[in-house]
Amino acid sequence: MFIVRLVQSWIVKFAALVDSLGIGQLMLLASALGIYLVGLAVYRLFFSPLSRIPGTALSKLTAAKLNFDMLTGRAGRLAHADYYKHGDIYTLAPNFVVLNNPTDCRSVLSSHRFIKSPIYDIFALVDDCLFTTSLPELANARRKQIGPAFTHAHLAEMEPVILECGAKAIKRKWDTLIDQAGGTVE
């Protein structure tokens, strides 16, 4: 309800602004907006550093399709189809590149030269941590602290324990649910 009231107030304010402007000023404002949007489209399609990376023209112009696909739950299926259409690297939205090659992913994730996007700031509730920091020094220090626990050798050593504990937890959960259902399963 709050969002509806907020949008209604914006519409009222915009209508008041339009009423206060003369037709000439309104035309100038619309022309400036049109020129900006055309310039942005030309830049994103032809001059952006990402323009040479495969992807659809729509994905280079706007993130609306990505947002719609994520809201409708189709993003996973479409990402799979995009991989077969565009290959290992492609643009999914402006300033949004998808890497499907494990070697490329490892190179990006293990290097401090690739700075995280500002969206990671959302997760920094109290202070920067390994997953939110853009500071190479802090990221390297944190990586050295927890890195040994995630090596292939250590994970392979822990796999039987993880599987055993996981299976026991699932069995306990199932037993609890069966007991709550009166010992019958439909």
Exercise. FRET efficiency for V38 and K13, Cβ-Cβ distance as r, R0 = 35 Å, nearest 0.05?
Worked result: 0.85
Exercise. Per residue, how much accessible area does the chain show when a 1.4 Å probe rolls over the protein heavy atoms, in square angstrom?
Worked result: 80
Exercise. Given the Cα-Cα distance of F114 and N100 and 0.36 nm per residue of separation, how much length would full extension add, in nm?
Worked result: 3.4 nm
For this session: Would you mind checking which residues have amide H under 5 Å from Y90's amide H? H placed 1.01 Å from N; only 5 or more apart, or other chain.
Result: V98
Problem set entry | Gaussian network model of the chain, springs between alpha carbon atoms under 10 Å - residue of P54, P160, P94 with greatest fluctuation | P160
Seminar exercise, completed: For the chain, longest principal axis from Cα atoms; helix 152-180 axis from its Cα atoms; angle between them, nearest 10 degrees, is 90
Seminar exercise, completed: Per DSSP loop assignment and a cutoff of at most 13 other beta carbons within 10 Å, the chain keeps its longest run without exposed chymotrypsin sites (Phe, Trp or Tyr not before Pro) at 1-113
Seminar exercise, completed: So the carbon and sulfur contribution to the accessible area of the chain, 1.4 Å probe, in percent, is 68
For this session: Restrict the search to the range 90-138; then list the trypsin sites (Lys or Arg not before Pro) that DSSP places in a loop and that have at most 13 other Cβ atoms within 10 Å of their Cβ.
Result: R113, K116
Problem set entry | 14 Å beta-carbon shell around D127, net charge (K/R +1, D/E -1) | -1
Exercise. Given a Förster distance of 45 angstrom, what is the FRET efficiency for M158 paired with L61, based on the Cβ-Cβ distance and rounded to 0.05?
Worked result: 0.50
Exercise. For A79 and D121, what does the FRET efficiency come to when R0 = 22 Å and r is the distance between their Cβ atoms, rounded to the nearest 0.05?
Worked result: 0.35
Exercise. Taking the chain as a Gaussian network, Cα atoms linked when under 10 Å apart, which of A75, A15, A64 shows the biggest mean-square fluctuation?
Worked result: A15
Problem set entry | Cα gyration tensor shape for the range 29-108, rounded if a/c is under 1.5, else prolate or oblate | oblate
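The values are calculated or read from the model by the stated rules, or taken from the named source; none is laboratory data. What you are looking at is a predicted structure, and each value in this text was computed from that prediction instead of being measured. Glycine gets a Cβ as well: all are built from the backbone with ideal geometry, and neighbour counts include every protein chain shown. Please note that ligands, DNA and RNA were not included when accessible areas were found on the heavy atoms of the full protein model with its side chains. Shrake-Rupley method; radii C 1.70, N 1.55, O 1.52, S 1.80 Å.
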